[in-house]
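K.L.:
Structure in structure tokens, see below.
The values are calculated or read from the model by the stated rules, or taken from the named source; none is laboratory data. What you see is a predicted model, and the numbers here were worked out from it, not measured in a lab. All Cβ positions, even for glycine, are placed from backbone atoms using ideal geometry, and neighbour counts span all protein chains on display.
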Amino acid sequence: MLKTVSMKSVLVSGAAALTIAGQAYAYEPARSAECIAPANPGGGWDFTCRSVGKVLTDLDYIKGNVQTVNMAGAGGGVAFAHTVSKRTTDESLIVAASTATTTRLAQGQFPGMNADQVKWVGTLGADYGVIAVGKDSKYTSLKQMMDALKGNPGAVKFAGGSASGGWDHLKVLITAKEANVENLPKIRYLAFSGGSEALVQVVGGHVDAFTGDISEVKGFMDSGDLRVLAVLSEERLAKPFDQIPTALEQGISSVAPNWRGFYVPGDASQESYDWWVNTIDELYQTQEWKDVMVKNGLMPFKKSGEEFTQFVKNQTLDIQILSKDIGLIK
Amino acid sequence: MGTIELLMQGFVVALSPESLMFALIGAILGTLIGALPGLGPANGVAILIPLAFSLGLSPTSSLILLTSVYAGAMYGGRISSILLNIPGDEPAMMTCLDGYPMALKGKAAEALATSAIASFIGSFIATIGLVILAPILAKFALKFGPSEYFALFALAFATLGGITGKNQFKTLIAAALGLMIATVGIDISSGVQRFTYNNLHLFEGVDFLIAIVGLFAISELFFFLEQHAGDGLKQVALNKLKLTAKDILYIMPASIRGALLGFVSGVLPGAGASLGSFVSYTLEKKYSDKGEFGKGDPRGVAAPEAGNNGAASGALVPMLTLGVPGSGTTAVLLAMLISLNVNPGPMLFEQSPDLVWGVIAALFVGNLVLLLLNIPMVGIFVKLLSIPPKYLMPIVTLVASVGIFSITGSAMDLYFMVGFGVLGYVLRKIEIPLVPVILGMLLGPEMEKNLRHALVLSDGDWSVLLNSGLSIGLWVVAAAGLILPIIVGPILRAKMKRPKDGLPD
């Protein structure tokens with residue numbers, strides 16, 4: 001589709017970016033870059049591409065523009081397949097990813113593909129998991145709820161916005177596993193087409209509990225219709241979420257960030273990979289990006305380069321084990 | 001915040017220059033599409049969805065554009081009914097009955113103006129109904145659990161054939177086809193892939209939009225290729241408009257009654273605009289039998305026009321509040337919203353008041369625009385009727401292809417689109433309606449999901465499906481919707497046919 005970048009032709013624009021990067025790289029970025037959002041316009045991946053693209057061009061990391069290309073299909077699988085088969089050496093391509101990507105990789109939902117086929121660049125924030133109940137629920141703490149599950153794994157029915165085995169479902173399983181609940185496959189999870197649909201069912205009193213992300217619950221939390229039992233982060237979140245206890249505080253070491261980040265093609269040169277890692281690192285520190293995070297409810301979550309690659313490997317492995325536990329995969 | 005306040009904020013959105021522009025473009029394009037024989041509002045919206053995508057419009061702008069197209073198509077449908085005696089779509093059929101005789105009497109301009117005014121009244125009253133009913137229903141929607149939703153979807157399917165539907169069996173085939181297509185892709189309740197054959201392009205199922213554009217827009221192209229219909233159609237000449245205040249007052253009661261009836265039938269899932277215009281016309285005829293209905297009575301033009309426009313706005317109520325489309329066109333709008341990651345339902349009113357109220361306010365604005373457009377400028381639209389389709393269809397095809405490609409950037413989707421175009425062509429040839437296919441695709445997975453959820457919640461006890469007054473009520477209406485047409489349908493259709501047979505050609 002797009003041209004592979006000729007390195008010599010971009011010396012001029014590259015020089016400018018290097019001054020900002022403040023470090024000498026053998027790789028110089030192309031005049032323009034492409035960001036694949038593996039979904040329709042309007043979703044999380046689309047947001048990741050568009051907001052990062054905008055900050056990258058505003059701050060002159062990329063001289064031309066960063067074009068967002070929507071490539072929906074198979075929950076990111078079409079874009080992943082495209083990257084590993086047709087764009088293996090494209091150095092001006094980044095692809096948006098999130099926990100949904102690792103989940104599907106772990107569960108073999110991108111047939112014949114795995115996490116090692118691409119290079120993982122870094123994250124730019126996360127949306128943390130929450131477990132919540134309606135205002136009339138008998139549960140007031142996560143511990144209480146988990147104790148009820150220990151007695152009977154079908155005691156609490158959860159509603160979430162992902163398919164069975166998806167991230168919202170896994171959050172419940174991770175938490176229950178940490179709380180030593182046995183018989184995980186017996187935990188009831190109702191899959192809805194989106195977080196808001198699931199929330200309405202919980203607020204309406206039809207389903208016991210909600211599993212989703214912090215950004216989804218603000219409206220009903222403010223109106224008092226929803227009680228958030230725990231946020232699945234390492235520390236308490238900043239205002240206005242500072243009243244919500246973490247699972248860790250309640251003795252359950254469940255942490256579930258839905259990170260937002262990027263990967264690049266697997267055969268892109270080491271130099272270009274280093275440039276992207278470094279650029280994403282610097283971008284994360286800028287005021288412009290901090291403003292984007294505040295405006296869109298993204299919480300701090302930073303991993304890049306080697307550390308991020310290791311994190312993706314671990315997360316994929318964890319999800320694989322969990323998925324086997326509940327019988328989703330063999 | 002009160003409804004009025006929200007509506008005022010909506011007007012702030014709707015009156016912004018950008019929104020006004022999209023409302024105006026939508027109104028003009030909609031009227032044009034509606035006026036072309038055979039192209040109804042569902043086709044109109046289907047053709048323009050890709051345009052909204054390729055322009056990269058925001059959800060609010062897209063919805064304003066497309067609801068204006070919807071409203072415009074309802075206005076435009078009457079032009080070919082009156083001048084050519086060919087309804088642009090099914091709801092416009094009733095307008096032929098008195099509109100064409102009026103035109104033959106040399107009162108074509110009056111008939112067009114009357115219908116424009118009645119359309120305005122119909123939309124206006126029904127939009128007020130939407131303002132009042134939608135927030136109430138949105139609150140009420142919290143009462144809808146899985147078993148209630150399941151009953152509601154059953155109701156939507158039961159009333160699909162509708163009273164005016166020609167062949168219940170073909171409707172059933174169409175709906176079943178839609179349901180079958182809907183099973184392709186990941187089953188969210190179990191996380192298992194169904195009928196995907198390890199092909200990545202099938203993992204998320206078949207995209208509604210591609211199916212819609214293929215079935216409606218591309219099949220239209222095939223029909224054109226077949227007919228070689230290069231020439232415009234013969235039409236009644238337009239006279240100079242003479243419309244007095246007295247004439248307008250004369251049609252007022254009929255319009256208001258039509259609007260209310262239309263609104264109610266629009267709100268019922270599955271029933272839609274055809275029922276609205278039909279009931280309005282027959283009741284108006286019964287109510288005032290001293291007129292000369294069937295021979296060019298202005299009230300016979302006003303009632304069905306108010307009725308079908310009323311139903312158009314009414315159908316937005318269940319679509320916005322419950323996510324259940326009340327008509328074919330709202331099904332298309334719903335598919336578009338889902339593709340823009342906007343989930344209609346009670347949360348929409350909580351989370352995107354700008355969008356909901358902006359669109360409602362835009363409906364008011366759009367209707368005013370349409371009224372202003374349609375009275376003085378009707379001559380221009382009439383001229384457009386004589387544009388040979390050979391110039392029009394390539395544009396339609398281009399817009400559709402570019403738009404579909406821009407959604408996913410995948411050539412595979414273009415093949416799918418053409419495939420659906422062929423399917424649409426075949427189905428139309430053997431007179432299987434297309435709207436139930438789309439509704440089957442949209443509602444099937446929801447219905448399945450809700451049934452399974454209900455059963456999980458009850459630990460497998462089927463009686464959960466009748467566990468509340470609300471779900472029992474919905475099942476009763478569903479049963480009535482299924483049985484009544486079989487008994488009443490033939491009688492009504494016989495009545496509908498009679499006045500039409502009496503028309504001179």
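K.L.:
I'd like to verify a number: residues in the stretch B:331-347 that are over 20 Å from the mean Cα position of the chain (by Cα) and either more than 12 Å from every other protein chain (Cβ to nearest Cβ) or surrounded by fewer than 21 Cβ atoms within 10 Å (Cβ to Cβ) (or both), how many? Step through it out loud before you land on a result.
P.N.:
From the stretch B:331-347, those over 20 Å from the mean Cα position of the chain (by Cα) are B:341, B:346-347; that's our starting set.
Within this subset, residues satisfying the condition of being either more than 12 Å from every other protein chain (Cβ to nearest Cβ) or surrounded by fewer than 21 Cβ atoms within 10 Å (Cβ to Cβ) (or both) are B:341.
So the answer is 1.
K.L.:
Just a yes or no: is a residue in the stretch A:256-265 surrounded by fewer than 19 Cβ atoms within 10 Å (Cβ to Cβ) and not in a strand (DSSP E or B)?
P.N.:
Checked against the condition, which is being surrounded by fewer than 19 Cβ atoms within 10 Å (Cβ to Cβ) and not in a strand (DSSP E or B), the stretch A:256-265 yields no hits at all.
K.L.:
From the residues in the stretch A:117-152 that are within 14 Å of another protein chain (Cβ to nearest Cβ) and closer than 27 Å to B:Leu142 by Cα, which one is surrounded by the most Cβ atoms within 10 Å (Cβ to Cβ)?
P.N.:
In this case the residue turns out to be A:Gly134.
K.L.:
In addition: Within the stretch A:103-116, how many residues turn out to be touching a Lys or Arg at 6+ places or on another chain (Cβ under 9 Å) and either closer than 18 Å to A:Trp45 by Cβ or crowded, with 23+ Cβ neighbours inside 10 Å (or both)?
P.N.:
Count: 2.
K.L.:
Right, something else. Please go through (1) within 23 Å of B:Gly262 (Cα to Cα); (2) within 14 Å of chain A (Cβ to nearest Cβ); (3) modelled with pLDDT of 85 or more for B:Ala141 and return the number of the only condition it doesn't satisfy.
P.N.:
Result: B:Ala141 passes all but (3).
K.L.:
With part of a helix (DSSP H, G or I) and touching a Ser or Thr at 6+ places or on another chain (Cβ under 9 Å) as the only criterion, which of B:Ala362, B:Ala335 stands out?
P.N.:
Sole residue among the options that is part of a helix (DSSP H, G or I) and touching a Ser or Thr at 6+ places or on another chain (Cβ under 9 Å): B:Ala362.
K.L.:
Restricting attention to the stretch A:210-222, does a residue exist that is at pLDDT 90 or above, farther than 28 Å from B:Glu204 by Cβ and under 21 Å from the mean Cα position of the chain (by Cα)?
P.N.:
No, that holds for no residue.
K.L.:
Hey, among B:Leu20, B:Leu39, B:Leu24, B:Leu7, which residue is out of contact with any Gly (no Cβ under 6 Å at 6 or more places or on another chain), assigned to a helix (DSSP H, G or I) and either closer than 27 Å to B:Gly328 by Cβ or at pLDDT below 85 (or both)?
P.N.:
B:Leu24
K.L.:
Just one of (1) in contact with a strand residue (DSSP E or B) (Cβ under 6 Å, 6 or more places away or on another chain); (2) within 9 Å of chain B (Cβ to nearest Cβ); (3) more than 19 Å from A:Trp167 (Cβ to Cβ) trips up A:Pro111, so point out which.
P.N.:
(1)
K.L.:
Among the residues of the stretch A:202-211, write down those that are within 26 Å of A:Lys150 (Cβ to Cβ) and either surrounded by 24 or more Cβ atoms within 10 Å (Cβ to Cβ) or of a type in the set (Gly, Ala, Ser) (or both).
P.N.:
Once the filter is applied, which keeps residues that are within 26 Å of A:Lys150 (Cβ to Cβ) and either surrounded by 24 or more Cβ atoms within 10 Å (Cβ to Cβ) or of a type in the set (Gly, Ala, Ser) (or both), the stretch A:202-211 yields A:Val202, A:Gly205, A:Val207, A:Ala209, A:Phe210, A:Thr211.
K.L.:
Restricting the stretch B:194-245 to residues that are among the basic types (Lys, Arg) and at pLDDT below 85, which is surrounded by the fewest Cβ atoms within 10 Å (Cβ to Cβ)? Even if it seems obvious, please write down each step before you answer.
P.N.:
Restricting attention to the stretch B:194-245, the residues satisfying the condition of being among the basic types (Lys, Arg) are B:194, B:234, B:240, B:242.
This time we only want the ones that are at pLDDT below 85, so: B:234, B:240, B:242.
Details: B:Lys234: 8, B:Lys240: 6, B:Lys242: 10.
Taking the candidates together, the pick is B:Lys240.
K.L.:
Could I ask something else about it? Can you tell which of B:Gly444, B:Gly403 is assigned to a helix (DSSP H, G or I), out of contact with any strand residue (DSSP E or B) (no Cβ under 7 Å at 6 or more places or on another chain), at pLDDT 85 or above and within 23 Å of B:Leu202 (Cβ to Cβ)?
P.N.:
B:Gly444
K.L.:
Name, by its number, the condition in (1) within 11 Å of chain B (Cβ to nearest Cβ); (2) of a type outside the set (Val, Ile, Thr); (3) farther than 29 Å from B:Gly345 by Cβ that does not hold for A:Leu199.
P.N.:
Going through the list (1) within 11 Å of chain B (Cβ to nearest Cβ); (2) of a type outside the set (Val, Ile, Thr); (3) farther than 29 Å from B:Gly345 by Cβ, A:Leu199 breaks only (3).
K.L.:
Do we find that A:Met221 is in contact (Cβ under 8 Å) with a residue 60 or more places away in the chain, surrounded by 15 or more Cβ atoms within 10 Å (Cβ to Cβ) and not assigned by TED's automatic domain parsing to the domain that holds A:Gln117 in this structure?
P.N.:
yes
K.L.:
I would also like to ask the following. Can you pull out every residue in the stretch A:105-138 that is within 17 Å of A:Tyr273 (Cβ to Cβ) and of a type in the set (Ser, Thr, Tyr)?
P.N.:
Of everything in the stretch A:105-138, just one residue is within 17 Å of A:Tyr273 (Cβ to Cβ) and of a type in the set (Ser, Thr, Tyr), namely A:Thr123.
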